[in-house]
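Colleague: First the structure, which I've put down as structure tokens, then a few questions once you've had a look.
The values are calculated or read from the model by the stated rules, or taken from the named source; none is laboratory data. Note that the coordinates shown come from a computational prediction; the quantities given were computed from them, not determined experimentally. Counting neighbours? That spans all protein chains shown, and the Cβs are built from the backbone with ideal geometry, glycine included. These accessible areas exclude ligands, DNA and RNA; they are computed on the full protein's heavy atoms, side chains included. Shrake-Rupley method; radii C 1.70, N 1.55, O 1.52, S 1.80 Å.
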Amino acid sequence: MTSAFDAASGDFGMPRALIDPFARAITYLRVSVTDRCDFRCVYCMSEHMSFLPKADLLSLEELDRLCSAFVAKGVNKLRLTGGEPLVRRGIMTLFASLSRHLESGALKELTLTTNGSQLEKYAAELKSHGVERINVSLDTLDADKFRAITRWGDLTKVMAGIDAAQAAGLKVKINAVALKGVNEDEIGDMIAWAHGRDMDLTVIEVMPLGEVGEDRLDQYLPLSMLRARLAERFTLHDIDYQTGGPARYVRVKETGGRLGFITPLTHNFCESCNRVRITCTGTLFMCLGQEDAADLRAPLRASESDEPLHRAIDAAILRKPKGHDFVIDRRQHRPALARHMSVTGG
Ligand code: SAM
Ligand code: SF4
């Protein structure tokens, strides 16, 4: 993938692999295809969100071109997210076109993170475009609590979506945000449920992104406390299982299943970071927990050639910071970052 250094221009020809200043190879791209969503989860959005005008969004063709530029530079895993990726009109055409990179072998995985509300409709089609594994976000199995957390969601639809996904042969992983006083007593039952259906479960600490109209300190449950509580009911064995992501896994002896913990606040996982994120307007965030970003929409639109785009990507990766510095504490009540999680897709 590396091409020769051009001494005259002081530049490398394109494309070349993406290596950041800390010698981390960037092989994983997460793309938020819309900032819109059919839910309003209390930790993610405020009830009255203002969304981007549709005209600001990259078209599906532009998203394809952008993703393909990263694939040419060695990205081998692509995750579409949002907002809710499955509410973007025509999204299946993007999956269909990106699947050519699976067929060529350049891409090892094409996947998505979804709230599950539209999965019943799309599961089989996703599978037909080469998607093998998906993440479904689900924080509770209680319909009333589900409605309270998502403000607008209907648990029966999500359950039907998970059924459809499994019936279509998709491997499902459940992601649950641990919320103090809301679902902390339920995580044990969720483990039994998920593992009983052959699904891994990962619990995530609330991150301080965006104003959501609630106090973060009220939501925040350190996973060290959750783990101690779970250890009263289950035998948890640390295992080496790695997905290249930030989760640390344990095997639950009683269920035989895997449980992951994502702890951005109590444990820093940045040293092995292999990922960058793009918003639906083509802004590249080199770190989920920092403000620095690079506009890729201008170079994308500047020319039919991908060369300006490749150059902008190279320059941005050289600015990838060492890590984030999230804090939720009593002195810092405001979000660490003003941006909502739905902008970068988590
Ligand atoms: N709508 C899709 C979904 O919910 O799966 C994809 C986008 S959503 C922003 C991606 C993930 O981010 C979800 O698992 C959600 O629970 C998580 N998330 C959103 N806001 C968060 C926050 N403040 N802290 C931790 N996780 C958050
Ligand atoms: Fe929508 Fe996902 Fe955010 Fe919930 S977490 S509001 S489903 S984008």
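Colleague: Give a residue-ordered list of calculated ³J(HN,Hα) values for the range 25-34 (Karplus: 6.51 cos²θ - 1.76 cosθ + 1.60, θ = phi - 60°; whole Hz; x for Gly, Pro).
Modeller: 7, 8, 10, 9, 10, 10, 10, 7, 8, 7
Colleague: Take the cross-link list Lys73/Lys171; Lys54/Lys127; Lys77/Lys157; Lys73/Lys145 and give me the ones stretching past 32 Å between alpha-carbons.
Modeller: Where the Cα-Cα span goes over 32 Å, the pairs concerned are Lys73/Lys145.
Colleague: A further question follows. Leaving ligands, DNA and RNA out of it, rank Asp185, Asp306, Asp20 by accessible area with a 1.4 Å probe, largest first.
Modeller: Asp185, Asp306, Asp20
Colleague: Another question, if that's okay. What does the charge count near Met159 come to, summing +1 for each Lys or Arg and -1 for each Asp or Glu among other residues with Cβ under 13 Å from its Cβ?
Modeller: My count for the surroundings of Met159 gives -2.
Colleague: Report His237's accessible area, 1.4 Å probe, all protein chains in place, as a number in Å² to the nearest 10.
Modeller: Per-residue accessible area (His237): approximately 90 Å².
Colleague: If you don't mind, there's one more thing I want to ask. Between Thr283 and residues 5 or more places away or on another chain, which pairs have amide H atoms under 5 Å apart, with H built 1.01 Å from N, and which residues are they?
Modeller: Residues meeting the amide H criterion: Leu296.
Colleague: Just from the alpha-carbon atoms, what are the Rg and Dmax of the range 25-344 in angstroms?
Modeller: 19.0, 60
Colleague: Could you please put Lys180, Lys127 in sequence from largest to smallest accessible area, using a 1.4 Å probe?
Modeller: From most exposed to least exposed: Lys180, Lys127.
Colleague: What's the magnitude of the charge dipole for the range 25-344 around its Cα centre, counting Lys and Arg as +1 and Asp and Glu as -1 at the beta-carbon? Answer in Debye, nearest 20.
Modeller: 420
Colleague: Give, in nm to one decimal, the length gained when the segment between Asp292 and Tyr241 is fully stretched (0.36 nm per residue of separation minus the Cα-Cα distance).
Modeller: The span from Asp292 to Tyr241 would gain 15.2 nm if fully extended.
Colleague: Separate question: Just to check I understand the Karplus step: with θ = phi - 60° and J = 6.51 cos²θ - 1.76 cosθ + 1.60, what whole-Hz values come out for the range 37-47, glycine and proline as x?
Modeller: Once θ is set to phi - 60°, the couplings for the range 37-47 become 7, 8, 10, 9, 4, 5, 8, 10, 10, 7, 5 Hz.
Colleague: If you line up the Cα atoms of the range 40-119 on their principal axes, what length do they span on each, largest first, in Å?
Modeller: 43, 26, 21
Colleague: Go through Gln118, Met92, Ala148 and say which Cα lies farthest out towards the positive end of the charge dipole of the range 85-165; charges sit on Cβ, +1 for Lys and Arg, -1 for Asp and Glu.
Modeller: Met92
Colleague: Would you grab the residues whose amide H sits under 5 Å from the one on Thr243? Only those 5+ places off in sequence or on another chain, please, with H modelled 1.01 Å from N.
Modeller: none
Colleague: Which order do Tyr220, Tyr241 take by accessible area at a 1.4 Å probe, largest first?
Modeller: Tyr241, Tyr220
Colleague: Quick one: what are the phi-derived ³J(HN,Hα) couplings along the range 196-207, Karplus 6.51/-1.76/1.60 with θ = phi - 60°, whole Hz, x for glycine and proline?
Modeller: Each residue's phi maps through the Karplus curve to give x, 9, 6, 10, 6, 10, 10, 9, 10, 6, 4, 10 Hz.
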